[in-house]
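See below for the structure under consideration.
The values are calculated or read from the model by the stated rules, or taken from the named source; none is laboratory data. Given the structure is predicted, the values throughout are model-derived calculations rather than measurements. No Cβ is skipped: glycine too gets one built from the backbone with ideal geometry, and neighbour counts run over all protein chains shown. For the accessible areas, the whole protein counts, side chains as well, though only heavy atoms, and no ligand, DNA or RNA atoms are used. Shrake-Rupley method; radii C 1.70, N 1.55, O 1.52, S 1.80 Å.
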Amino acid sequence: MSGSRDPYWALANEMLRLQRSSTDTASARRAALQRVASEHGAAPRSPEGATVEALALELAYCADHPGGLAVYLEEFSRGHRKTTSWRAVERLHRQLFPSDLLEPHHRRTLCELLESCDQAPRLRPLALRVLHETGAGPAAPGDRGSGRGHDERHGEVPALLAVFEDLPYGWENEPHPLLVFVETVAVLEDTPLRARLHAWSGRVAAHLGCRSPQRLARLRDEVAARAGRPLSPYRLLLEITARTPVPDLYTVRSWVVPPGPDGARPYGEPVQLSSRAAMEGEVAGRYLSCVQELGELSAGMVVEFLLPRPLLWLPVDQIMARPPDSVARPIGADHTVLVRSRDRWAKPHWRPRLHARSDLLTTAPETAFESAAVRVVPYGERLRPVELLRQLRHDREQLGWLFLEPPPYTGGLEGDAVNVLLEMGMPVIVAVREVGGHPEAERKTRKVLAGRLMELPERVRMLRGEVGPDAEVFSVLDLHRHISLVWDGRDGLEGADSALGHPSTGGGLR
């Protein structure tokens, strides 16, 4: 055994420099061999000489026992660990014999997740992009060998992981490219697979360079922003109110809510409009201005309308906007549009019930829209507020309601069933405007909204953009034009009443 290309010979040659400065290397080698024998079941043996070939054979013998080489070097290093020469030995050992980046069960789990994901056909170009962006190397996955025995015959995913695992040592201060790759795939996946990938990276993040939850969260935000799907999007909050004596006299105010703890900031001055068309034009103008001002940061922006009970079913998602040099389309086709109850937001004593149900929703993310947690109110049925209050006061499982006809506002909150739902903390209320009486309305609505309740805003956004699972639904019912989604919960604006400074308002939408 000789030649600088042999890793054991190279390591032995580096160690000989240390031996020349020591007067008792034979006893150190003997002690190291004895420890390998006792801890790894190796046959007892003694050093066979002080040549580089003899030491290389000794190292190779220890390496035949899993973990034996590391134990040998640890024992041998006693008395030398803080020297420059031993640091050179350690550095060469890491380069020649990199330790496995992942535990076997972590690697196996990640392989299963990646092989089952929607991005599986394009994992290789994604991996190449991550390698390029992180500066880990220009080589394409599969173009270089792996010290772990993976190759294309064992499947593309193991081969990709082998490339990342075999990257040169030295990612202590930055997230390992493998973690960046997993997060890149995760942000492009739909939940629940996205959640499972995030759970995997959360388990190994500390080992892969993200030693704090804050650093991992920052990495996820960076990756998601590059993919145009920010995890913490900006929010445009628009308040529309109408004066009771003059139903078509609207007031519009708006705020931008950035990610993080900074809170809402006013966006434009309050303005009064004397017609529905003027109000919609003002809303569209503020929306387009905000999108242009935020630029890339507008990706994933959520548009929230703060509406009083009389205006709760206002079709704000269908307000038309015409981006410069583009085609006019409803606001809800490009961005998630949610309605929030202004009455509930302005009543702090209502929030505990809302928070309790919202917490149940977030802690049980598998709850489905088509489950018993969502009650359907058929077209033409009228709820009795007193009975509804009695039912919901001690009920903690109900999370959503689907109305096939928006309950009308008759002029008084004290006898209004929807007001009871808001008071009792219902976080999700869906109403089908105009077409709820169609014989297919309930079946079609259930079909296009089926899935996890937590993902409902995203599914409604896709529906409004006419990207649904059933093309027939658009030609028959045009549901994408008729869905109101009232969605509320913990959002960071609690207690900001004085900052937003809500005026007293009524309403009068017919």
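Values as computed for the structure displayed
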{"quantity": "Which numbered condition His150 misses (of (1) modelled with pLDDT under 85; (2) closer than 25 Å to Glu458 by Cβ)", "calculated": "(2)"}
{"quantity": "Residues of region 97-117 classified as open to solvent by 60 Å² or more (accessible area, probe 1.4 Å) and assigned to a helix (DSSP H, G or I), total", "calculated": "6"}
{"quantity": "Elements of type strands (runs of 3 or more DSSP E) contained in region 278-395, each with 3 or more residues being charged (D, E, K, R) and crowded, with 19+ Cβ neighbours inside 10 Å", "calculated": "none"}
{"quantity": "Top-ranked residue in region 431-445 [being open to solvent by 10 Å² or more (accessible area, probe 1.4 Å) and assigned to a loop (DSSP other than H, G, I, E, B); ranked as farthest from Glu381 (Cα to Cα)]", "calculated": "Glu440"}
{"quantity": "Meets criteria (closer than 21 Å to Leu360 by Cβ and either surrounded by fewer than 19 Cβ atoms within 10 Å (Cβ to Cβ) or among the aliphatic types (A, V, I, L, M) (or both)) for Met454", "calculated": "yes"}
{"quantity": "Close pairs (9 angstrom Cβ cut-off, 6 or more residues apart or separate chains): assigned to a helix (DSSP H, G or I) in region 186-206, open to solvent by 10 Å² or more (accessible area, probe 1.4 Å) and small (Gly, Ala, Ser) anywhere", "calculated": "Ala186/Ala195; Val187/Ala227; Leu188/Ala227; Leu193/Ser116; Ala205/Ser212; Ala206/Ser212"}
{"quantity": "Gly465 being at pLDDT 60 or above and closer than 16 Å to Lys347 by Cβ", "calculated": "no"}
{"quantity": "Hey, His80 in contact (Cβ under 8 Å) with a residue 24 or more places away in the chain and assigned to a loop (DSSP other than H, G, I, E, B) or not", "calculated": "yes"}
{"quantity": "Leu18 vs. criteria of a type in the set (A, V, I, L, M, F, W, C), at pLDDT 80 or above and either buried (at least 18 other Cβ atoms within 10 Å of the Cβ) or in a helix (DSSP H, G or I) (or both)", "calculated": "no"}
